[in-house]
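Okay, structure first, notes after.
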Amino acid sequence: MQKQIAFIALTAALAAPAFAAPETFVADSSHTFSRFSYSHFGYSTQLSRFNKNTGTVVLDKAAKTGKVDIVIDTKSVDTGNDTFNEHIQGEDFLDTAKYPTATFKSTKVVFEGDKPVAVEGNLTLKGVTKPVTLTVTSFQAMPHPMLKKDAIGANAYTVVKRSEFNAGKYAPYVGDEVRIDVAIEAIKQ
């Protein structure tokens, strides 16, 4: 009888579904960048980026949940012009002397099927925190062909009003709406 009970318990254990645990991925700094774009007097859409970004992504694919934390070094702003980089870092815009980083901390990751399609969270910029939603335009999860480790990559964007973050100088002539794009690649730890 004990052998039968042990056999039944073993069979039940083997038949139980395997539950995936949350996986943590760390941003690859050489392939993770945040960009921003805005209208410059209606003449053109200016594109700039931040060269230094760090962060982590935690995904539980089975539970369809996740967590995203991104830190942007605002002093690494790159407009393509050193003088303009200093201008953007000034008090009227990023005020990097007082606020050297911007952060995004998720509150919810929204899945459609097996892929995240949106990340809701809080953006803190220049000491102001506002809720934003990052729309995920692409997502890939697979073993990294060179590192031989599991990796993920995604592209996402949101649009904010810079005036809501105390950076609205010259609005509306210089566009108040700023599109922020994030390209992230992260390696499983």
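The values are calculated or read from the model by the stated rules, or taken from the named source; none is laboratory data. Keep in mind it's a predicted model, so treat the numbers as computed, not measured. Here the Cβ is made from the backbone with ideal geometry for all residues, glycine too, and neighbour counts use every protein chain on show.
Can you name every residue in segment 111-143 that is surrounded by 16 or more Cβ atoms within 10 Å (Cβ to Cβ), farther than 20 Å from Ser34 by Cβ and free of Cβ contacts under 8 Å to residues at least 60 places away in the same chain?
Answer for segment 111-143, where residues must be surrounded by 16 or more Cβ atoms within 10 Å (Cβ to Cβ), farther than 20 Å from Ser34 by Cβ and free of Cβ contacts under 8 Å to residues at least 60 places away in the same chain: just Phe111.
More than 13 Å from the chain's Cα centre (by Cα), within 24 Å of Asp150 (Cα to Cα) and at pLDDT 95 or above, is that true of Lys98?
Here the answer is no, as Lys98 does not meet what is asked.
Could you grab me the full set of residues in segment 138-166 that are outside any strand (DSSP E or B) and either farther than 16 Å from Ser48 by Cβ or in contact with a Leu (Cβ under 7 Å, 6 or more places away or on another chain) (or both)?
His144, Pro145, Met146, Leu147, Lys148, Lys149, Ser163, Glu164, Phe165, Asn166
Can you tell me how many residues within segment 88-110 are crowded, with 17+ Cβ neighbours inside 10 Å, among the aliphatic types (A, V, I, L, M) and outside any strand (DSSP E or B)?
Count: 2.
Going by the conditions given, is Ala167 touching a Pro at 6+ places or on another chain (Cβ under 9 Å), surrounded by 15 or more Cβ atoms within 10 Å (Cβ to Cβ) and of a type in the set (Gly, Ala, Ser)?
Values: touching a Pro at 6+ places or on another chain (Cβ under 9 Å): no; surrounded by 15 or more Cβ atoms within 10 Å (Cβ to Cβ): yes; of a type in the set (Gly, Ala, Ser): yes.
Criteria not met by Ala167.
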